[in-house]
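For reference, the structure discussed in these notes is given below.
What follows draws every value from the coordinates through simple rules; no lab data is involved. Being a predicted model, the structure only gives us computed values, none of them experimental. Methodologically, a virtual Cβ is constructed for each residue, glycine included, from the backbone with ideal geometry; neighbour enumeration extends over all protein chains shown.
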Amino acid sequence: MKNIITRTIKHINVVFSNKGYVLIIVLIIIAAIISISSEFLTLAQTNTKYLQSFTNRQKAYWVARSGINLAIELLEADKKGSVANFISGDIETDPNIDSYKDIWALPLPEIPLENGNIQIHIEDENSKINLSVLANEFVEQTPYYIITQRFFINMGLPLDLADCILDWVDIDDARSPYGAESSDYYQNLKKPYKAKNDALDSINELLLIKNITPLIFYGLGGGNFGLEQNLVDDNKGLQNVIESLTKSAKVEIAKSISQIKIGKEKNRAFYNYFRVNGDRSDYLNDINKININTASYRVLSALTDSMTDDKVTELIRRRLQKPFKNVDEISDIITDENVRKNLLTVRSYIFQIRSIGKVGSTTLSIIIFYHRERKQIIFWSEA
């Protein structure tokens, strides 16, 4: 384990030698990992020794799987608030909220192991709109349907898309005004199939739905693509800064936050803004709610008709300063209490974890969706 720690720190020093704040954060994360997850390190070291006789692809699989275990450890530690003993400053340690200041959200460098490297990425699914609950067995249309309509309007895309998705996930064969069902569309295709009439199993399933072309799905065209101004990479803020270093550092960071550019995200791919996992039977369940601490500019813009650019920018600016502790902190921005109470949250429940294992020139990626409340993996794929 000592060798792993030493190699990790050396690796970090090489990569981040000119980025002091980043180096400090990564070292703190490594310290927290070592403290909360010594079993992971021991297991990873044992696994890599055991894999000497395996092919590089088999080794890469077990390296990637070790990354999945580590990511779950970080999510669980964050939920328990157990990282508070090791971390202070601008990293959030309140177990009752989730934001881009949490340890799970911080960008980790490649972690070297004896037989390879792991790259881990954790993404909050509660930052997205759950398309599987646009309708269910009890409700023909939920408020998420209206949010989805607004999202497409803001993207310059036709409203038909919302109706087509609604018809795909609702339980009947009655076509919405601008939608599509089995009898009037899907069964008449050259290679016919039926509308799902149930929850989506994967976000890629959207490609089966009428009018959702690969160009639109992957955000490479359609609507107002190429016409939007002042786009940004993301609205996550200064994830790589420790606020408590010095008083002068705090002042500089405050200045930096005030100068951060906020705007619509450049990437228009649907998988950045939509999800499929949650509780379909009860659309008001907390698991389906959108986390205002992590939601993108594009998702926030779709929450209500009154979400102007100025309001979205103000909401993001506030959370950059300090994550919201409850939804009523934005009551002056979103005045509709029903929206705040029923559709929004400051906590997250489902996370996407991507772990890439690399051995030599061979890489293998594992993607899972982790239900943190149930401590359950609800989806697993390898590539």
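When each of the peptides 292-299, 324-331 is scored by how many other beta carbons lie within 10 Å of its residues on average, the order from highest to lowest is 292-299, 324-331.
Sparse packing (at most 13 other Cβ atoms within 10 Å of the Cβ) combined with a DSSP loop state is found for the following chymotrypsin sites (Phe, Trp or Tyr not before Pro) in region 87-157: Phe138. Applying a threshold of 29 Å to the alpha-carbon distances of Lys80/Lys322; Lys264/Lys325; Lys79/Lys196 flags Lys79/Lys196 as lying beyond it.
A straight chain from Val339 to Phe225 at 0.36 nm per residue would run longer than the Cα-Cα distance by 38.1 nm. Pop the C-beta distance of Lys261 and Arg374 into the FRET formula with R0 = 41 Å and round what comes out to the nearest 0.05. Step by step, r from the Cβ atoms, then E = 0.60. Amide H to amide H, with H built 1.01 Å from N, Leu157 comes under 5 Å of Asn224, counting only residues 5 or more places away or on other chains. Summarising the label geometry, the points placed 7 Å from Cα in the beta-carbon direction at Asp233 and Leu159 lie 3.8 nm from one another.
Stretched out straight at 0.36 nm per residue, the stretch from Gln187 to Asp286 would grow longer than its current Cα-Cα span by 32.0 nm.
Under a point spin-label approximation (7 Å from Cα along Cα-to-Cβ), what is the Asn96-Glu140 distance to one decimal in nm? Result: 4.1 nm between the two label points.
A dipole drawn for region 325-383 from +1 and -1 charges on Cβ atoms has a positive end, and of His371, Thr345, Ile333 the residue lying farthest that way is His371. Based on the Cβ-Cβ distance from Ile171 to Arg318, what FRET efficiency comes out when R0 is 41 Å, to the nearest 0.05? That pair, Ile171 with Arg318, gives E of 0.55. Each Lys or Arg adds one and each Asp or Glu subtracts one; over the other residues with Cβ under 9 Å from the Cβ of Val359, this totals +3.
Local charge sum around Tyr144 (other residues, Cβ-Cβ under 13 Å, Lys/Arg +1, Asp/Glu -1)? Result for the local shell: +1. With 30 Å as the limit on Cα-Cα distance, the pairs of Lys210/Lys261; Lys194/Lys375; Lys59/Lys266; Lys236/Lys375 that go past it are Lys210/Lys261; Lys194/Lys375; Lys59/Lys266.
Each peptide in 183-193, 161-171 receives the mean, over its residues, of other Cβ atoms within 10 Å, and ordering these scores from highest gives 161-171, 183-193.
Ranked by the mean number of other Cβ atoms within 10 Å per residue, highest first, peptides 358-367, 123-132 order as 123-132, 358-367. Counting beta carbons within 10 Å around each of Phe225, Phe351 and listing the fewest first gives the order Phe225, Phe351.
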